[in-house]
1. Rounded to whole angstrom, how close does the nearest chain B beta-carbon get to the axis mapping B onto A, and which residue is it?
2. DSSP beta bridges in chain A, what fraction antiparallel, as a percent rounded to 5?
3. Just order A:64-71, A:129-136 by mean Cβ neighbour count inside 10 Å, highest at the front, would you?
4. Tally the DSSP beta bridges in the protein assembly as shown and give the antiparallel ones as a percent, rounded to 5.
5. What does the structure give for B:56-64 when I average, per residue, the other chain Cβ atoms found within 10 Å of the residue Cβ?
6. Can you give me the angle between helix B:216-229 and the longest principal axis of chain B, using Cα atoms only, in degrees from 0 to 90, rounded to the nearest 10?
7. Given the peptides B:159-172, A:195-208, arrange them by the average over their residues of other C-beta atoms within 10 Å, most packed first.
8. If each label sits 7 angstrom from Cα along the C-beta direction, how far apart, in nm, is residue A:273 from its counterparts in the other copies?
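A short reminder: the numbers here are calculations on the coordinates, not readings from a lab. In this text, all values refer to a predicted model and were calculated from it rather than measured experimentally. With ideal geometry, Cβ positions are generated from the backbone for all residues, glycine too; neighbour counts draw on all protein chains shown.
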């Protein structure tokens, strides 16, 4: 791949998430023409999406326009567009309304919810991947309390005040904690016919314990903390049925149906449809969840000029465990791809294979409670919570958002209030 | 209207805007059972809606849950529901899913856009009354720049970068000023193919001058200020046609068609459909814009137990001029209705007829520029702008929102940035 004398090397990046954005920033320093395409005009700080879903933050607090973030990188062009197809031989990416020729392609298109063959569950139990998902979940949660206030039948009222969360990973745990806080504290005194603190939050996890990706002792601490604030944690519990108003769970050999008008999905992800496009056009191999198997340099073995990074890439660490779908992995991969491209452009030997440096992972359970596996030390409780707050504030892009989030967190901490409790969209 | 010994006087308020909320707070001090019904769960600070439409503020910054605002008024029940019909004889208000019996009814249901018989224009030129309107307008404005960046045809690109605002009242003036600031400053350096500062903002007003409700010298100052920042102000200009991508204007005897992909409607309002319900069931008279004619005590002459306040009420001041559709009028009317009801409940003589105390009106043109008619003095420029900032901050409910708005304004002032530039909903 030698740089032509006439035109600069053309890099096209699909996706402006953590991986794509980091890749764009790192590649911008090379003598290349960069184009970043995203379906949305903003970069989203996904780790805080559950706070939008639970009314603690506004959508704009955790999002920033991609072109504004890259405005100083003058060789980066940002396009609003949707990648729909690929001609890997001719090196052309097709958008729904145009096409882009490339010399290097970086695909960072992420993942979507996975309903494991029950796609009809999507409307019954929305997942949490986009800002629209978050405002829809917020709408359902708040509407359940509003409808319960006007419901006279005790059984129906109880179902309205039951919230079931499917999936005990970090998102499920964080949603359960936040929902409990809303019911017990935020809405206190707001209703006349119902007592919001009577709401029940059920957390179902198919595996033997919640937070399966965390160390067992931390997961146990998280389960204890959830139980203490009133969440009903049910492990080894597989969803077998969903209907408007109920969820059916198989635990051991028996099935049980729980009346619950609000069901939220946090159980699994599958690769973006672009993974299928790469399989069809570039001979990429996909794993069972539709993620793209990449080589040690994050490129497709069949097409070394195509890289896949972030949640869409399937890669394992030295111990054979799959890399988690977190921002840190995506960002390190974005940075690594720039190193590979730089070496290729300058004719230098390629860098050593990608190696994920794991700084740890953390999840909040609620006010003053979190678990953090920082590799050298595992902490829980208030200290983990403060570490979580600090790290998340630091990683939010744009100073204005950092300040706004900090103020809203401080305000919520003091008053238990959540300032973004709006029912918008949907039924008006 | 004598209070029964068994049951307390039942007051039903429809609408949680400025009028309804103030009425609820004032009536809560009486020995009465209050119910406030609104289709939305939040009170909206409408004067700042244009700042949401132009990405300066987030929806939640200018909205607060009604039941949270009234949680200390224990005799006030807040219901999420839509009033659809009325039996004035039996004193029953029908909701889309229930009914409410009342002794006193306060209707504060507000107004909607008025397209003067061209209702088909609504999708072509959205108006600005709800949060959904605001995010839709924000989406259209930002999408126009995004699409222009990818458009190679100069004529189409020019139409994409032309924004037409129909109506030169305060909302139209404020939108024009904010749009100009976005184009000239906020988006600077964000694009590679277009120069956003080449965008044109056209403001069309059918009357002979903009801000017809303001003193002529202030309106002239506002027109000068708009022209100075680059807005094309066209008065005596009546919209005669709208299509996808163009607006046709009649000025004097001639018609002219302007290619403009984004057209915003700020030209007129008509009463909520509840006005028609009152006419049909309670014999209320409506004016041409569908507003309800009320007596000097704000009640229907045919039904003294039904009050209409706020934008939906048609009332004139001592000089025969219609009261403006502003928050101050609605709040004073809400307060007045409580006085009337208190007098009736206690058997005291009724208060003197409602009289609007006009503290003035103001509109911003942009950064450092506003006009304010404070009755005792008329000011414009920086001083008026600072007065506008201060008064609007003071009137925003909830301290958290006040602080968040203040920080975002300060941030925008220093950096020209607007933190809520998200394209959400609609085409994703």
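1. Spelled out, residue of B and its Cβ distance from the axis onto A: B:58, 2.
2. On the way: 37 of 70 bridges.
Looking only at bridges with both residues in chain A, the antiparallel portion is about 55 percent.
3. My ranking of the peptides, most packed first, is A:64-71, A:129-136.
4. On the way: 74 of 139 bridges.
Of the beta bridges lying entirely in the protein assembly as shown, close to 55 percent run antiparallel.
5. Whole-number average of other-chain Cβ neighbours for B:56-64 is 5.
6. Tilt of helix B:216-229: around 40 degrees.
7. For the peptides B:159-172, A:195-208, the packing ranking is B:159-172, A:195-208.
8. Once sorted, the set of distances for residue A:273 reads 3.6 nm.
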